[in-house]
Amino acid sequence: MMILSYDIYNIIPELFLTLSAMILLMFGAYSKNMDSKMVFKGAIGLLALTGILLLYSFNGYIGTAFSDMIKTNPFSQFLKVLILGSALGVMAISYSYAHQIKTAIFEYPVLLMLSVVGMFIMVSSNSLLSLYMGLELQSLSLYILASIRRNNALSSEAGLKYFVLGALSSGLLLFGISFIYGATGAISYDGIADFISMSLTISPGIIVGMVFMLAAIAFKISAVPFHMWAPDVYQGAPTSVTAFFATAPKIAAFGLLIQLLYGPFAQLSADWTQILYFVSAASMALGAFAGLVQSNIKRLLAYSSIGHVGYALIGLTTGLSGGLNATLTYLAIYLVMSLGMFACILKINKDEQNIESIEDYAGLSKSNPLIAYAMAIFLFSMAGIPPFAGFFGKLVIFKAAIDASLIYLAVFGVITSVVGAYYYLKIIKVMFFDEADLVLDQHKSKGSLAVISLCLLFVVFYIVSPEYLANIIQSVSSWLFVNG
Amino acid sequence: MIETLTFYLFAFILIFSAVAVISMRNPVHSVLFLILGFFNASGLFILIGAEFVAMILAIVYVGAVAVLFLFVVMMLDVRFNDLRKGAMQYVPLGLIIGAVLLAEFIYLFSGWVLPDNTNEILVSGMTNTQEIGHILYTDYVFPFQLAGLILFVAMIGAIVLTHRKRAGVLRQNIKEQVTRTKKDAIEIKKVASGTGV
């Protein structure tokens, strides 16, 4: 009998978003003239309103609610802001592209909003049960979004592949959760943490359960060796959906991972750092070397995102709060870079089709210099070349690794980032130095222009005050270590 | 004594039918063995006193899911033997991985210590159904509502991925039929005699 009406205050953004998704769905289903543009615009407005609600309650309503099912604090609010930011960005660049490939149906924004609700619950869950439910809500919406272009064979294949492998990873997660419950008798994070800190020896059941859960989460962030779905799904899904896959779900799954590792499993850091060490090194290596032979820009960005996940995991491998801050900084920068990158890719269309082959980018600097220069800056930033934001992301990560005396991992990371720089620079070479007559479709889209310019501003001017983001992250991540 | 015997009876039939599900040549037989498996699993639940879960298993899994399976298997024109052709080459690898996992789990469960609070017995004198209903809307109201939201998404997904507007299909519009008047239904033409229409 713990349900107080006050508990509602902790989930105001989630409630608001769910209700707005339902209203938009009703509007779309019952409106006669079926103009989905209104729904797309409405979704942007409602997501922005959710953002205002989130920022307004940033420091309020701290604590657990619904019998320890969820926990809100500035750390989870910060992750929610990142998730919501990428959802807003993706919505802003979606409409003109979706309209062009004739998938601008009103369910698209509704499903995207519901998946954001799932991600919100993932990052604020305080129990393995709500974690699983949030994850399923998010994944189910994403499976549908991947195959939303249902007349396209690649899109259907992407959706099916994602669904089958995602169901497998959910099975792994549940299997792990059952081990943890069987060994500790608790499903709330606090209960598990208490049990582990009070027991004299760690029972192997907890370790096995944790390994299964880590495998499932590694699948969600597409880290090696659970990455195999990423290239096919990234390539097959509509490009605007790919942009969403590359940003928001990764932040949510990382948020979940961080809260698990630094919450209930904090005592087992000696065990999970070994696993993360391997996963991180393997992801960086695969991201760098497999990317070298790709000719499709979306596949290449899939491998690039696997590599970026590897770098972000270095921070967690340290097992220290400094490394955690580095990971969060890296994720925030990665989010902006890939959002800007995808916004540029969505502008490169010919004959109502998105150009995906990198060779066809030849001559882009002549025909569309603005897009070419913006893309070049995002690529430089992804490669980690100063003075752009991506360089500072890698800098804090490698610094955290060296502080935790993970010298080999840091050196390995530098080597793979040099290898990875080759394929980023190759795209720039094709755009600027290969001659070809390229005539692009001209679609005016205020949304993608706004997204590209905001991301550019962030990437270019991050150097002015890197401390600003660092201070915010420092203050929010300290909440992870507060009990209660 | 009789309880132990019943347990082994249910458990052995369950394992047998589970093996039969994956080894039958005819997919319809597989589904029938699946139903047998569900029934035996619900028998096991009754043995541990979870009669509500047992009934749900019988009603939902046997009554709905397995029957749906049966329909799909009968209606889809898939040659399952063709699908199996390439699968045999992975058997050795699968057996090795399975054996390693089995060994690990035997090691794990031989030293398993259950924490005190996992075998709480109901003391309040309520039935299973009352107890589940009691916590479902209080302690677990949040995941319960979330489950509803997940089903909502599943419904949207089913409609998005399969609903097609077909052209050329005649539909009955009752409102249109009822509001028809004499004026827009028939037209009276005066035909002069001897000229035809």
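The values are calculated or read from the model by the stated rules, or taken from the named source; none is laboratory data. Just so it is clear, the structure is predicted and the values come from calculations on it, not from any experiment. When we count neighbours, we look across all protein chains shown, and the Cβ atoms used for this are built from the backbone with ideal geometry, even at glycine.
Here are some residues: A:Leu15, A:Leu19, A:Leu46. Which one is more than 18 Å from B:Val160 (Cα to Cα) and away from chain B (no Cβ under 14 Å)? Can you show your working first?
Values: A:Leu15 fails: away from chain B (no Cβ under 14 Å); A:Leu19 fails: away from chain B (no Cβ under 14 Å).
It is A:Leu46.
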Query raised in the report: Would you pick out the residues in the stretch B:123-159 that are facing chain A (nearest Cβ under 10 Å) and either of a type in the set (D, E, K, R) or over 18 Å from A:Glu136 (Cβ atoms) (or both)?
Result: B:His134, B:Ile135, B:Tyr137, B:Thr138, B:Asp139, B:Ile159
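Restricting to the stretch A:181-201, give me the number of residues that are closer than 20 Å to A:Ile221 by Cβ and either modelled with pLDDT of 95 or more or within 12 Å of chain B (Cβ to nearest Cβ) (or both). If you could, list the steps in order and put the result at the bottom.
Keep residues of the stretch A:181-201 that are closer than 20 Å to A:Ile221 by Cβ, which gives A:189.
Still in the running and either modelled with pLDDT of 95 or more or within 12 Å of chain B (Cβ to nearest Cβ) (or both): none.
Qualifying residue count, the stretch A:181-201: 0.
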Report summary line: Exception for A:Ile148 within (1) farther than 16 Å from A:Tyr234 by Cβ; (2) at the interface with chain B (Cβ under 10 Å from one of its Cβ atoms) falls at (1)
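Regarding A:Lys220, is this residue more than 15 Å from the chain's Cα centre (by Cα), under 22 Å from A:Leu160 (Cβ atoms), in contact (Cβ under 8 Å) with a residue 40 or more places away in the chain and buried (at least 18 other Cβ atoms within 10 Å of the Cβ)? Steps first, please.
Details: more than 15 Å from the chain's Cα centre (by Cα): no; under 22 Å from A:Leu160 (Cβ atoms): yes; in contact (Cβ under 8 Å) with a residue 40 or more places away in the chain: yes; buried (at least 18 other Cβ atoms within 10 Å of the Cβ): yes.
When the stated conditions are applied, A:Lys220 does not pass them.
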Query raised in the report: Of the residues A:Ser141, A:Ser115, which is within 20 Å of the chain's Cα centre (by Cα), within 10 Å of chain B (Cβ to nearest Cβ), crowded, with 23+ Cβ neighbours inside 10 Å and in contact (Cβ under 8 Å) with a residue 60 or more places away in the chain?
Result: A:Ser115
Report task. Scan the helices (runs of 4 or more DSSP H) fully inside the stretch A:197-267 and keep the ones with 1 or more residues being among the basic types (Lys, Arg). Result -> A:204-220, A:239-262
Query raised in the report: Any idea which of (1) within 14 Å of another protein chain (Cβ to nearest Cβ); (2) surrounded by fewer than 21 Cβ atoms within 10 Å (Cβ to Cβ) is the one A:Phe66 doesn't satisfy?
Result: (2)
Query raised in the report: Within the stretch B:31-48, how many residues are buried (at least 18 other Cβ atoms within 10 Å of the Cβ) and touching a residue at least 40 places away in the same chain (Cβ under 8 Å)?
Result: 1
Query raised in the report: Can you find even one residue in the stretch B:72-93 that is surrounded by 13 or more Cβ atoms within 10 Å (Cβ to Cβ), under 30 Å from A:Ile187 (Cα atoms) and of a type outside the set (D, E, K, R)?
Result: no
Query raised in the report: Any residue in the stretch A:73-96 that is of a type in the set (D, E, K, R), modelled with pLDDT of 85 or more and surrounded by fewer than 23 Cβ atoms within 10 Å (Cβ to Cβ)?
Result: no
Requested in this report: List the helices (runs of 4 or more DSSP H) that sit entirely inside the stretch B:1-82 and contain at least 3 residues that are touching a Phe, Trp or Tyr at 6+ places or on another chain (Cβ under 8 Å).
Outcome: B:2-23, B:27-47, B:51-56
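Would you mind listing the helices (runs of 4 or more DSSP H) fully within the stretch B:131-197 where at least 1 residues are over 30 Å from A:Leu17 (Cα atoms) and over 32 Å from the mean Cα position of the chain (by Cα)? Can you show your working first?
Numbers: elements: B:141-162, B:174-178, B:182-185.
Filter on the stretch B:131-197 gives B:174-178, B:182-185.
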Query - Condition met for B:Phe80 (touching a Pro at 6+ places or on another chain (Cβ under 7 Å), at pLDDT below 95 and over 30 Å from B:Gln130 (Cβ atoms)) - result: yes
Report task. Scan the stretch A:309-331 for residues that are among the small types (Gly, Ala, Ser) and either crowded, with 24+ Cβ neighbours inside 10 Å or within 18 Å of A:Asp271 (Cα to Cα) (or both) and jot them down. Result -> A:Gly310, A:Ala312, A:Gly315, A:Gly319, A:Ser321, A:Gly323, A:Ala326
**Report entry** Scope the stretch A:144-155; condition more than 18 Å from B:Val153 (Cβ to Cβ), in a helix (DSSP H, G or I) and in contact (Cβ under 8 Å) with a residue 40 or more places away in the chain; matching residues
**Finding:** A:Leu154, A:Ser155
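Considering each of A:Gly89, A:Gly85, A:Gly159 in turn, give the residue that is facing another protein chain (nearest Cβ under 10 Å), in contact (Cβ under 8 Å) with a residue 12 or more places away in the chain and either under 25 Å from A:Ala230 (Cβ atoms) or among the polar types (S, T, N, Q) (or both).
A:Gly159
Would it be correct to say that A:Tyr61 is within 12 Å of another protein chain (Cβ to nearest Cβ) and either touching a Cys at 6+ places or on another chain (Cβ under 8 Å) or not hydrophobic (A, V, I, L, M, F, W, C) (or both)? Walk me through how you get there before you give the answer.
On the way: within 12 Å of another protein chain (Cβ to nearest Cβ): no; either touching a Cys at 6+ places or on another chain (Cβ under 8 Å) or not hydrophobic (A, V, I, L, M, F, W, C) (or both): yes.
No.
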